[in-house]
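As structure tokens, the structure follows; a few thoughts come after it.
The values are calculated or read from the model by the stated rules, or taken from the named source; none is laboratory data. None of these values were measured; they are calculated from a predicted model. For neighbour counting, all protein chains shown are included, and Cβ atoms are generated from backbone atoms with ideal geometry for every residue, glycine included. Side chains included, ligands, DNA and RNA excluded: accessible areas come from the protein's heavy atoms. Shrake-Rupley method; radii C 1.70, N 1.55, O 1.52, S 1.80 Å.
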Amino acid sequence: MSDTNHLKLPPFPSNIPTAPLLRLSLSKLQAHDITETHNLLQACKDIGFFYLDLQDTNEGTNLLNNADKLFPIGERLFDLPLDEKKKYDLGSQNSYYGYKAQGAMVADRQGNLDGNEFYNVSKDDILNTIPALPNPSILHESRTLLESFIRTSHAIVTLLLSILSDSLCLPASTTLPNLHRLTAPSGDQVRFIKAPPQPTTTTTHNNNNNNNNNPTLGEHTDFGSITILFNRLGGLQVLPPGADAEWTYVRPLPGHAIINLGDAMVKFTNGLFRSNIHRVVAPPGEQAGFTRYSLVYFARPEDEVLLRRLESERIPALGEGVVEEAISSKDWVIRRALGKRVDLGKPVDYEKALGTEGVSRRLET
């Protein structure tokens, strides 16, 4: 289905329970609105997910327009022959940039394989701070658009990091924006995602239907610091805090991005901020019969930054005898990105490839 027809997609069902995520305003955050700043901090501590209204600001409108233009590029990218896409396979290059085919990764502890294909585009490549990476011609032709999307996304990430950094009273040398400089080498990337249609069931009001036991993307936390997500169909689910919590859909909202924190923010704040577990399943209701495309910007700490607690009186101290793992952002991303691949000739150690899921679980009990 072409992007020009995305308004004809069936609506998200009105009878599906959805996650009660806070809706924050980019314009209010830019204006340093006290209430909106408080809401941002609360969302980061409670669940690590929120909606960001991008309307009524120049940066937000630019980002929405760029996303609208990138969706059809993603469709054309995935329409390339499989043999052509596999020329850029990220696993064979021992990289987290390039193509991943459907079913190339373990999605859960039971060994089920993932149900999507994606393509990662390096921020450093697009900004010309590293030698150009091999990519299909459609991406080479879209570099100007990708650069605009990256720069605007990163500007919004920097705003959010600045607010969070101020709340933590971090010293000038280790403010969160200083660990995420735009032109410094990092694992930041744009990701195009495609998931095929799923058979529509007749009991789509129940969260446990729609093939949810075989997720397109298994439960996980994100690798980095802040994720900006655009999608037009449901399918994303979060597992809210609490021992009795159930998987809950996140409804896409026009004019909004879905924002969530990743592992780095948990490690920097020793669990004060939350990188919540989430997964992707078949969209609910009639939406399940449509191809699901997504567009993501992943912001990650600079490559050489160690993922460890930052020094601040406002960040919980390490427990007695606790020794933090000494791992750089780059090594963390590679371990997590390639650790679940089943086609690299190495045994998959699912537990070793996990992120901060264990922290999330402990916080719930």
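Figures for the structure shown
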{"read-out": "Gain on full stretching of the segment that runs from Ser92 to Ala132 - 0.36 nm per residue minus C-alpha separation", "value": "12.6 nm"}
{"read-out": "FRET efficiency for Gln55 and Glu147, using Cβ-Cβ distance with R0 set to 25 Å, rounded to 0.05", "value": "0.65"}
{"read-out": "10 Å Cβ shell holding at most 16 others, DSSP loop, trypsin sites (Lys or Arg not before Pro): longest site-free stretch of the chain", "value": "182-307"}
{"read-out": "5 angstrom amide H check on Asn116, placed H, neighbours 5+ away", "value": "Gly103"}
{"read-out": "Kirkwood-Stokes translational diffusion coefficient of the chain, alpha-carbon pairs, 20 °C, 1.002 mPa s, µm²/s", "value": "103 µm²/s"}
{"read-out": "Among Ser25, Ser167, Ser294: highest mean-square fluctuation, GNM of the chain, C-alpha pairs under 10 Å", "value": "Ser167"}
{"read-out": "With every protein chain in place, the stretch 218-263: carbon and sulfur % of accessible area (1.4 Å)", "value": "52 percent"}
{"read-out": "Percent of Cα-Cα distances greater than 18 Å, calculated over the stretch 271-316", "value": "60 percent"}
{"read-out": "Rounded to whole Hz, the Karplus (6.51, -1.76, 1.60) HN-Hα couplings of the stretch 255-262, x for glycine and proline", "value": "x, 10, 9, 9, 10, 9, 8, x"}
{"read-out": "Karplus (6.51, -1.76, 1.60) ³J(HN,Hα), θ = phi - 60°, over the stretch 242-251, in Hz, Gly and Pro reported as x", "value": "x, 4, 9, 5, 10, 4, 9, 5, 10, 6"}
{"read-out": "P(r) of the stretch 236-302 over all Cα-Cα pairs, binned every 5 Å from zero, in whole percent", "value": "3, 13, 19, 23, 20, 13, 6, 3, 0"}
{"read-out": "Residues Asp244 and Ile327, FRET efficiency given R0 of 30 Å [Cβ-Cβ distance, rounded to 0.05]", "value": "0.35"}
{"read-out": "Calculated Rg and Dmax of the stretch 80-200 using C-alpha coordinates, Å", "value": "17.5, 53"}
{"read-out": "Rounded accessible area of Asp263 (nearest 10 Å², 1.4 Å probe)", "value": "0 Å²"}
{"read-out": "Accessible area expressed per residue, the stretch 1-114, with surrounding protein chains retained (probe 1.4 Å, Å²)", "value": "52 Å²"}
{"read-out": "Length added when fully stretched, Arg314-Ser162, from 0.36 nm per residue minus Cα-Cα", "value": "53.2 nm"}
{"read-out": "Rh (Kirkwood; distinct C-alpha pairs) - the stretch 72-129, Å", "value": "12.5 Å"}
{"read-out": "Förster radius 41 Å - calculated FRET efficiency between Asp83 and Ser27, Cβ distance, rounded to 0.05", "value": "0.30"}
